[in-house]
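Peer 1: Please see the structure below; I have some questions.
The values are calculated or read from the model by the stated rules, or taken from the named source; none is laboratory data. As the structure is a prediction and not an experimental result, all values here were calculated from the model. Every residue, glycine among them, receives a Cβ derived from its backbone with ideal geometry; neighbour counts consider all protein chains shown. SASA here: full protein model, heavy atoms, side chains in, ligands and nucleic acids out. Shrake-Rupley method; radii C 1.70, N 1.55, O 1.52, S 1.80 Å.
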Amino acid sequence: MRRDSLAFRLIAGAALWSAIALVAGGLILSAIFRGSVERSFDGRLNVLLHSLIATTEINDRGEIERGRGLSETRFDLAYSGWYWQIWPVAQRPALRSRSLFDQSLDLSDAERIDRNEVGLKIFDTVGPENQPLRVVERRVTLPGYDVPVSFAVAADRSEMNEEIQSFNTWVFGSMAAMGFGLLVALLIQVRFGLRPLERVRKALSEIRSGRATRLEGEFPLEIEPLAEELNGLLEGNREVLERARTHVGNLAHALKTPLSVLTNEARSHDGPFGETVRRTTMQMREQIDRHLARARMAASANVLGANTPVKPVLLRLANALERIHAERGVSIEVDCPDEAGFRGEAQDLEEVVGNLLDNACKWASEEVRLTVTAAGIERRNRPYLLVTVEDDGPGLPEEARKTVLKRGARLDESKPGSGLGLSIVTEIAELYGGDLKLESSSLGGLKAALYLPASATTA
């Protein structure tokens, strides 16, 4: 997928925002769960603290003593991670749980709490064997005891941390799986959503190759106006072409009639004046034919949808020229694949190949070979046809090959013609993006190699 493609932009943008949303959502869920677990843990410790305070008494000697034990049995197991401790402020700890064994809780962190505030204190510290502890402390004044007494309940927070870690692993694993699922869904959605554009591209390719003349099929509501505008553009292009052809034909008819009158009048006058008029009108007719042909070819060379099967045209031309040159016994061998197609109009193909065949038949002794190669030829990243016309005539020297391609150039006046055929072929080929080359033939005569654009139907 290219970075400058519409699909990449849609997927990248949606994936970025999805990733941000999923990460933010995961962090928020983790924070909410952590807060919930900590509040639940602190609430449980607070309940045990209240139970500890409620079961503590002052005996007849004015000493602090514990009554019944707490419900949590882990307070009786050495270094279990669950501890309680009671001590007067002015003395060392007086009472502690059995789980502390021979140690005391180091509540030096409590010194950072305002001692003048009477209320619940919650903080973290390190207990025996480097256990991370969560501590709940309250300072209480007991009846009959003048010194405020601190009650503390502590529990190992590793269990809580493991629960939070397990939840975070599950949450971010789920978010990752959800992100992957969203990415797959985005890919499917974008591919499915942009599929109509691919259909438009293929339809335009069908039109350009000549297999269709307009966009057919149903399109989504958003693309339907585009398809209608493209069809309107194609129809307008065809209308412009038809009007151009009509105007070209009208102009040719309008000019050729006066020229015919001048030519006939000039024939009735002998002498230099009549000869000059005849020569001038002939030149004018040639110029009109030339420029009208160029105008017609320029209008039709790049017509969208133009496609001409090559083999039927070549067989028709070969049969016609064999009959024309039947007295000389010239045979024309045609080798053309059935799938060969010309991306252009039939009359232009007839014009170029007809001129080459006619020229070859005039100079051939008895054999003309017409070959079309339609596979493996690319020019300007597009498929092309190679049309070769060879004869077994006298051939043409290399230095004279460029000369005969000039308009009106003739090296031998004994053969009929105006010398315009090869130049017309060159002009038409160039209008279609091709060219004409003259080489030596394996038959002994001249070989004309003509490159023309192939249609998409060509293998």
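Peer 1: Enter the angle in degrees (range 0 to 90, nearest 10) between the Cα long axis of helix 421-431 and the first principal axis of the Cα atoms of the chain, meaning the one along which they spread out most.
Peer 2: 20
Peer 1: While we're here: Can you show me the helix-derived [θ] at 222 nm for the chain, built from DSSP H runs with n ≥ 4 at -39,500 (n - 2.57) apiece and divided by the number of residues, rounded to the nearest 500.
Peer 2: That comes out to -17500 deg cm²/dmol.
Peer 1: Could you report the accessible area of residue 11 in Å², rounded to 10, computed with a 1.4 Å probe on the protein chains as they sit in the structure?
Peer 2: 20
Peer 1: Run the accessible area of region 161-247 with a 1.4 Å probe and give the carbon-and-sulfur part as a rounded percent.
Peer 2: Carbon-and-sulfur percentage of accessible area, whole number: 62.
Peer 1: Please compute the per residue accessible area over the chain with all protein chains in place, 1.4 Å probe, rounded to a whole number of Å².
Peer 2: 57
Peer 1: Any idea how far apart residue 201 and residue 250 come out in nm if each label point goes 7 Å out from Cα toward Cβ?
Peer 2: For residue 201 paired with residue 250, the spin-label model returns 4.3 nm.
Peer 1: I'd like the FRET efficiency for residue 277 and residue 400, computed as 1/(1 + (r/R0)^6) with the beta carbon distance as r and R0 of 45 Å, rounded to 0.05.
Peer 2: For R0 = 45 Å, the calculated efficiency reads 0.85.
Peer 1: Give the aspartates and glutamates whose C-alpha is closer than 12 Å to that of residue 121, dropping any in the same chain fewer than 8 places away, or say none.
Peer 2: Hits, sequence-local ones excluded: 42, 109, 111, 137.
Peer 1: To continue, here is another question. Report the antiparallel proportion of the DSSP beta bridges in the chain as a percent, rounded to a multiple of 5.
Peer 2: Here the antiparallel bridges make up roughly 90 percent for the chain.
Peer 1: Still on this model: State, as an integer percentage, the relative contact order of the chain based on alpha-carbon contacts under 8 Å between residues 6 or more apart.
Peer 2: 10
Peer 1: R0 = 45 Å: FRET efficiency of residue 23 with residue 216, Cβ-based, nearest 0.05?
Peer 2: Using R0 = 45 Å, I get an efficiency of 0.45.
Peer 1: Another question, then. Go ahead and run the numbers for FRET between residue 8 and residue 377, Cβ-Cβ distance against an R0 of 35 Å, rounding to 0.05.
Peer 2: So the FRET efficiency works out to roughly 0.55.
Peer 1: Sorting 68, 157 by accessible area (1.4 Å probe), largest first, what list results?
Peer 2: 68, 157
Peer 1: A 22 angstrom limit on the alpha carbon distance is what I want to check against. Which of 256/362; 362/437; 311/402 exceed it?
Peer 2: 256/362; 311/402
Peer 1: So how much accessible area does residue 77 have, in Å² to the nearest 10, using a 1.4 Å probe?
Peer 2: 100
Peer 1: What is the percent of Cα-Cα separations in the chain that go past 41 Å?
Peer 2: Everything past 41 Å amounts to 57 percent.
Peer 1: So, one more: Please report the relative contact order for region 132-220, taking Cα pairs under 8 Å with a sequence separation of at least 6, and give it as a percent rounded to a whole number.
Peer 2: Averaging sequence separation for qualifying contacts and normalising by length gives 16 percent for region 132-220.
Peer 1: Could you tell me how far the Cα centroid of region 28-97 sits from the Cα centroid of region 304-362, in Å?
Peer 2: The two parts, judged by their Cα centres, are 108 Å apart.
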